[in-house]
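Q: Starting off with a structure, shown below.
Laboratory data are not the source of any read-out in this text; all were calculated from the coordinates shown. None of these values were measured; they are calculated from a predicted model. Positions of Cβ are generated from backbone atoms using ideal geometry, with glycine treated the same way; all protein chains shown enter the neighbour counts.
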Amino acid sequence: MTHIAFTPRLKATPSRGALGVKSDLYEPQRHLEIPDPEFVDSEKDTFERKKPKGETLEKVVKRIPTFYVIIFFSVFTACAVLIIWNTLQVNRLTYDKSRLEGKIEQTKQRIIKLKAQEMQLSAPERIREIAKGKFGMQEANGIDEFTIQ
């Protein structure tokens, strides 16, 4: 079984003054007007209305605690500093990345040059020339020759 919550009804209908309509238009004598203590002059016992005091900028600023203003500007400054720091870190990391990619490209070019040099130095014709010229070796012609002294 589901429980349902009920709200007690008011005996009087709500005022329509909040909507900008005077309640006297719909129900002229139903509501008694009770003066707001803010507008009642306490020196006199009469219910004369005072003029509502307009809130000036100074009064609004005085109502805001200084502590909250300090916290707001501290958080704002911290966010600005973090955004600037983050931007600087991204720029530094981008610079490091491009520098390292340049080094990788140079290393790849160096590897290609070294492989070409290795192929040139290990060519069979070059090895034959060095063996004949420097060591005095001769090419084998299929017959085993032995020289004994």
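Q: Modelling each spin label as a point 7 Å along the Cα-to-Cβ direction, I'd like the residue 107/residue 85 distance in nm, to one decimal.
A: Between residue 107 and residue 85, the label points sit 3.2 nm apart.
Q: Return an integer: the convex hull volume of the alpha-carbon atoms of the stretch 67-140, in Å³ per residue. Before the final figure, lay out the partial values.
A: Numbers: hull volume 7.1 nm³, N = 74.
Dividing the Cα hull volume of the stretch 67-140 by its residues yields 96 Å³.
Q: Counting other Cβ atoms within 10 Å of each Cβ, which trypsin sites (Lys or Arg not before Pro) in the stretch 53-122 have at most 15 and sit in a DSSP loop? Can you show the working numbers first?
A: Details: sites: 53, 59, 62, 63, 92, 97, 99, 103, 108, 110, 113, 115; in loops: 53.
The qualifying sites are 53.
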